[in-house]
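Just so it is clear, none of the values below were taken in a lab; they were calculated from the coordinates. The shown structure was predicted, so the numbers you read here are calculated from the model rather than taken from an experiment. Neighbour counts are summed over all protein chains in view; Cβ atoms, including those assigned to glycine, are modelled from backbone coordinates with ideal geometry.
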Amino acid sequence: MSYDGHVTPGGPAATRELDLLTVTKVSVGPMDNNAYLLECRASGDLLLVDAAADATRLLGLVGERRLGQVVTTHRHRDHWQALERVVHATGARTAAGRDDADGIPVGTDDLLTDDDTVQVGAVTLAVIQLVGHTPGSVALLHDDPGGHPHLFTGDSLFPGGVGRTTTPEDFASLLADVETKLFARLPDQTWFYPGHGDDSTIGAERPHLPEWRARGW
């Protein structure tokens, strides 16, 4: 079946083959959290984006393979509830935004901010800090040489708007980061994978930026 980015809690995983990466998406837990297992097709190295609510399900995806790293996109509990068990079972290194690490009760090995990179075997992912949903939220960007960019946004960008913020200042910060660091830099074909729900593209969301700015959330 072709990949469309739609998964449901407890339902089957969806897998997408890129030139350099295999992306496996699964929804776990009562908040419909997405977790993404990335595999370097050349080396077999694995990286997990967000060890969310169901350690058993996530460890089942990894199977007998070696998980090298878990990147937590931000400090909210629903995105790291399974982190301790996953790390204990696999020995994986942990990574998270520098300004969010103190809110994650599992030690962070690698502190991330703008212009850092994360490695999955032969594949380099660029780190983009997006401030507003939390102070240290990070997105990961893979520029697929045989296609278009692929972006893992956590809760900073969804189909239909940016992530939840609690003050006008946080909203202004997040929208500014999303506009300047994502929409101004990335082509319309960029496919993004959010922390909850279905995927979308930069092109599908770009016309709605003025609406998001006007409504203030």
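Taking N as the number of residues in the chain, what is its alpha-carbon radius of gyration divided by 2.2 N^0.38 Å? Please report the intermediate quantities before stating the final value.
Working: Rg = 15.9 Å, N = 217, 2.2 N^0.38 = 17.0 Å.
This ratio for the chain stands at 0.94.
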Query - Cα centroid separation - the range 114-192 against the range 45-113, whole Å - result: 18 Å
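Nearest 500 deg cm²/dmol is fine: what mean residue ellipticity at 222 nm does the chain get from its DSSP H runs of n ≥ 4 alone, each adding -39,500 (n - 2.57), divided by its residue count? If you can, show how the numbers build up before the last one.
Numbers: 5 runs with 37 residues, N = 217.
Result for the chain: -4500 deg cm²/dmol, rounded to the nearest 500.
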Query raised in the report: Quick one: if you stick a label point 7 Å off each Cα along the C-beta vector at Ala172 and Asp115, how many nm between them?
Result: 2.6 nm
Query raised in the report: Label 7 Å along Cα→Cβ of Trp217; the range 140-156 residues with amide nitrogen under 18 Å?
Result: 155-156
Requested in this report: Work out the FRET efficiency for Ala184 and Arg164 from their Cβ-Cβ distance, taking R0 = 22 Å, and round it to the nearest 0.05.
Outcome: 0.45
Query raised in the report: Can you give the % of DSSP beta bridges in the chain that are antiparallel, to the nearest 5?
Result: 70 percent
Report summary line: Proxy exposure order for Thr117, Thr134 (fewest C-beta within 10 Å first) is Thr117, Thr134
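Give me Trp191, Trp212 ranked fewest to most by other Cβ atoms within 10 Å of their Cβ, as a rough exposure proxy. Could the numbers behind the result be given before it?
On the way: Trp191 22, Trp212 18.
Taking fewest neighbouring Cβ atoms as first place, the list is Trp212, Trp191.
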Query raised in the report: If we count other beta carbons within 10 Å of each Cβ, what is the order of Leu130, Leu37, fewest first?
Result: Leu37, Leu130
